[in-house]
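So the structure is just underneath, and the comments pick up after that.
The values are calculated or read from the model by the stated rules, or taken from the named source; none is laboratory data. Nothing here was measured: the structure is a model prediction, and the numbers come from that model. Positions of Cβ are generated from backbone atoms using ideal geometry, with glycine treated the same way; all protein chains shown enter the neighbour counts.
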Amino acid sequence: MQSFLTGLQFLSRIRIVRQNDWSNERFSRSVRYFPLVGASVGAVMALVSYLLIFVLPFVGVTIPTAALSAILLALWLYFGGGLTCDGFMDTMDGVFSGRDREKMLVIMKDSRVGANGVVGFVMLALLKWAMLMSIPHAYIPMAFFMAAVLGKLAMVIAIVRFPYARPDGIGKMFQLCANNTTLFVAAGCTVVCLLPFGISSLICGIGAVCGTLCLGRYVTRVLGGLTGDVYGAINETIELMVLILLVFITNYR
């Protein structure tokens, strides 16, 4: 339970108890529960989206689709804590800088955000907004839940299956106790969370796993391994991929 709470507090703004122990071992043991962290954020977003889409109209308040998608995206970013978004921007700055491997890693560690990071994140946000607009309202709660769970599973796969590019760092702590058992537990949690969604979850799950492996291999070729920033970038990219898949699943089934 403590390991789950560590992951929840680190990767979201949801606070159940005050967490003071940030030991490397606890960080690493929290990895297996990342999909449950995603499920927690996804459940909050599913509830919020249900209230905005289905409950507010009963009291005479209907939010236009574009505004609704923007509000939900902003809340998603808020409850997610922004850490993975920061990792996405840093990864865009480094990987697409056109420099050598060592310089890329230096750029990614810089706290400042460059042009590639800004443009990349704006495009990411616009695409997520467009996908939320394109998914029928009845499936929006499901979309948030599935994207959040599979995004965190993608992080687990990246941590367990790919080498770390630096000798140390926050991301390195996640690998201390991360092994095949970690991946097995995370996959089991994911299956339990998404089983009620049937074929949709199967399609999105396969897409998420394949997308994660492709992204991991590409960045490993470029950087010689992954970093904590790349874990965040993979989470954000897989969330977007799940939304894209759900647009096709829900509109053309």
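Filter the range 200-215 down to the residues that are surrounded by fewer than 16 Cβ atoms within 10 Å (Cβ to Cβ) and either within 29 Å of Asp90 (Cβ to Cβ) or at pLDDT below 95 (or both) and list them by number.
Across the range 200-215, the qualifying residues are Ile206, Cys210, Leu213, Cys214.
Would you pick out the residues in the range 214-226 that are part of a helix (DSSP H, G or I) and touching a helix residue (DSSP H, G or I) at 6+ places or on another chain (Cβ under 7 Å)?
Leu215, Gly216, Val219, Val222, Leu223
Please state which of the following conditions Ile170 fails to meet, knowing it meets all the rest: (1) in contact with a Gly (Cβ under 6 Å, 6 or more places away or on another chain); (2) of a type outside the set (Lys, Arg); (3) buried (at least 19 other Cβ atoms within 10 Å of the Cβ).
Unmet for Ile170, out of (1) in contact with a Gly (Cβ under 6 Å, 6 or more places away or on another chain); (2) of a type outside the set (Lys, Arg); (3) buried (at least 19 other Cβ atoms within 10 Å of the Cβ): (3).
If we keep just the residues of the range 188-199 that are free of Cβ contacts under 8 Å to residues at least 60 places away in the same chain and within 20 Å of Val37 (Cα to Cα), which is surrounded by the most Cβ atoms within 10 Å (Cβ to Cβ)?
Leu194
Restricting attention to helices (runs of 4 or more DSSP H) lying wholly within the range 32-143, give those where 1 or more residues are in contact with an Asp or Glu (Cβ under 7 Å, 6 or more places away or on another chain).
83-95, 101-109, 115-134
From Ala148, Ala178, which residue is aliphatic (A, V, I, L, M) and either more than 19 Å from the chain's Cα centre (by Cα) or crowded, with 24+ Cβ neighbours inside 10 Å (or both)?
The match here is Ala148.
What pairs can you find where one residue is in the range 135-160 and closer than 15 Å to Thr212 by Cα, the other is aromatic (Phe, Trp, Tyr), and their Cβ atoms are less than 6 Å apart, with a gap of 6+ or different chains?
Lys152/Phe34; Met155/Phe34; Met155/Tyr231; Val156/Phe34; Ala158/Tyr231; Ile159/Phe174
Condition check ((1) in contact with a Leu (Cβ under 9 Å, 6 or more places away or on another chain); (2) touching a residue at least 24 places away in the same chain (Cβ under 8 Å)) across all residues:
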| position | (1), (2) |
| --- | --- |
| Gly87 | no, yes |
| Ala115 | no, no |
| Gly120 | no, yes |
| Trp129 | yes, yes |
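Only one of Leu36, Leu56, Leu51, Leu8 is among the hydrophobic types (A, V, I, L, M, F, W, C), in contact with a helix residue (DSSP H, G or I) (Cβ under 8 Å, 6 or more places away or on another chain), at negative phi and without any contact (Cβ under 8 Å) to a residue 60 or more places away in the chain; which?
It is Leu8.
Taking the criterion of being β-branched (Val, Ile, Thr), part of a helix (DSSP H, G or I), at negative phi and in contact with a helix residue (DSSP H, G or I) (Cβ under 8 Å, 6 or more places away or on another chain), would at least one residue in the range 22-31 satisfy it?
Looking for residues that are β-branched (Val, Ile, Thr), part of a helix (DSSP H, G or I), at negative phi and in contact with a helix residue (DSSP H, G or I) (Cβ under 8 Å, 6 or more places away or on another chain), one finds at least one in the range 22-31, hence yes.
Please count how many residues of the range 144-169 are assigned to a helix (DSSP H, G or I), among the charged types (D, E, K, R) and at pLDDT below 95. Break it down stepwise before answering.
To start, the set of residues in the range 144-169 that are assigned to a helix (DSSP H, G or I) comprises 144-161.
Then keep just the ones that are among the charged types (D, E, K, R); that gives 152, 161.
Of the ones still in play, those that are also at pLDDT below 95 are 161.
Looking only at that region, the number is 1.
Find all pairs meeting these conditions: Cβ atoms under 7 angstrom apart; at least six residues apart or on different chains; first residue within the range 227-238 and touching a residue at least 60 places away in the same chain (Cβ under 8 Å) and part of a loop (DSSP other than H, G, I, E, B); second residue surrounded by fewer than 24 Cβ atoms within 10 Å (Cβ to Cβ) and of a type in the set (A, V, I, L, M).
Close Cβ pairs satisfying both conditions: Thr227/Ala165.
Which numbered condition in (1) without any contact (Cβ under 8 Å) to a residue 24 or more places away in the chain; (2) crowded, with 16+ Cβ neighbours inside 10 Å is the only one that Ala46 fails?
Every condition holds for Ala46 apart from (1).
How many residues are assigned to a loop (DSSP other than H, G, I, E, B) and either farther than 22 Å from Leu8 by Cβ or not polar (S, T, N, Q) (or both) if we restrict to the range 170-179?
So the answer is 3.
Based on this model, can you work out whether Ile63 counts as within 26 Å of Phe145 (Cα to Cα), surrounded by fewer than 17 Cβ atoms within 10 Å (Cβ to Cβ), at pLDDT below 95 and not aromatic (Phe, Trp, Tyr)?
On the way: within 26 Å of Phe145 (Cα to Cα): yes; surrounded by fewer than 17 Cβ atoms within 10 Å (Cβ to Cβ): yes; at pLDDT below 95: yes; not aromatic (Phe, Trp, Tyr): yes.
When the stated conditions are applied, Ile63 passes them.
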